[in-house]
Amino acid sequence: MRSTLRMFMVPGALLALAAAAGCSSGGDGDGGGPDGAKGKAVAAVCGGFAKEGAAFDALKAIAGDGDLTDDRSQPDETLSALRDADGKLTTQEMASGSPFCRLRTAKDGEPTVNISFREALVVTPHKPGDTGFAPFTTGESAISSNRFASISFKCRMKEPAKEIIVAAELERPGKGAAETKDLPASQITVLNAAARKVATDLGCQNDTKLVEGVPKPAA
C-alpha cells in the first residue's frame, strides 16, 4: 500500500501540558476531556456513523452514554489509505490499520472503542465453533467476541477503478462496558455501521454484502 498508515502518538510536551491543565479541563461543564479535547454526544462522534437506530443503541452499550472524544480519529486518512491500496502490505499496515474512529470518555480520557480499517489480501473464513468468537452474517466474513470484532468485505471502487478486500476491526481497550452475552452482537453492529459508512464514502460499486441494521448470527 503506497500510503503510509500512521499511528497517533501524543508528544511528551502535550502530555505535560495536559497534566498541568488537568484540574481545569472539562471542569466547567462543557464536556471537555482531560487533555482539552471537546466531548461529544454518542450520536455525533466520528462523523455520526452511529447516530440512530440499532447502531446508536449498540455504541451506547459498548462505550457508555456519556460524552466521548474522537480527536484521535483519522477518517480522511483512512479513506485515502484504502484508495491507495495496491496489494502490497507492510507489516505495520497488516498489524494496525488506519484509525477511522478512536473514542475516549470525555470525563477521564479512558479509551473505550477503537475502529480501524486496512486492505487485506484474502478473506479469512470463519465458522460456528471457532473458539472464543461468534460468527455473523455480514460482508464476506464477520466475527465478534467480548472485546474484539472483525468484518471483511469487498469494495469495487469507481475512482480509482479497482476492487480491494477491506478488513474492519473493532477493539475495546479500556474497562468499558461489563462483559455480557450481548456484547458480541453490539460490537458487530457498531463495526458494521462503520463499515457501511466507509463503503459509501469509497463509492463501492458492488454488493458489499454489508447488511442494514443488526447482523444475524451465522447458522
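The values are calculated or read from the model by the stated rules, or taken from the named source; none is laboratory data. Note that this is a predicted model, so its numbers are computed, not measured. Note that we place each Cβ from the backbone using ideal geometry, even for glycine, and neighbour counts take in every protein chain shown. Just so you know, the surface numbers come from the protein's heavy atoms only, side chains and all, with ligands and any DNA or RNA stripped out. Shrake-Rupley method; radii C 1.70, N 1.55, O 1.52, S 1.80 Å.
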Margin query: If I model a spin label as a point 7 Å beyond the Cα along the Cα-Cβ vector, how far apart are those points for Asp86 and Lys216 in nm?
Written below: 4.2 nm
Margin query: Please list 3J(HN,Hα) in residue order for segment 113-121, calculated via the Karplus relation 6.51 cos²θ - 1.76 cosθ + 1.60 where θ = phi - 60°; whole Hz, with x for glycine and proline.
Written below: 9, 10, 10, 10, 10, 7, 6, 10, 8
Item checked: Links that overshoot a 27 Å alpha carbon limit, given the list Lys154/Lys181; Lys60/Lys216; Lys60/Lys107; Lys60/Lys181; Lys88/Lys181; Lys107/Lys216 -> Lys154/Lys181; Lys88/Lys181; Lys107/Lys216
Next item on the list: Just grab the label-to-label distance for Glu171 and Ala43, each label 7 Å out from Cα along the Cβ direction, in nm (one decimal).
Entry: 3.1 nm
Next item on the list: Apply the Kirkwood formula to segment 142-219: the hydrodynamic radius equals the inverse of the mean of 1/r over all pairs of different alpha-carbon atoms; give it in Å with one decimal.
Entry: 13.3 Å
Notebook entry, point to check: What does the accessible area per residue of segment 113-219 come to in Å², with a 1.4 Å probe and no ligands, DNA or RNA counted?
Noted result: 47 Å²
Check: To the nearest 0.05, what FRET efficiency results for Asn206 and Glu159 with a Förster distance of 22 Å applied to their C-beta separation?
Finding: 0.95
Item checked: Label point distance in nm, Asp76-Val123, each placed 7 Å from Cα along Cα→Cβ -> 3.3 nm
Margin query: To the nearest 20 Debye, how big is the dipole of segment 71-219 about its Cα centre, given +1 on the beta carbon of each Lys and Arg and -1 on that of each Asp and Glu?
Written below: 240 debye
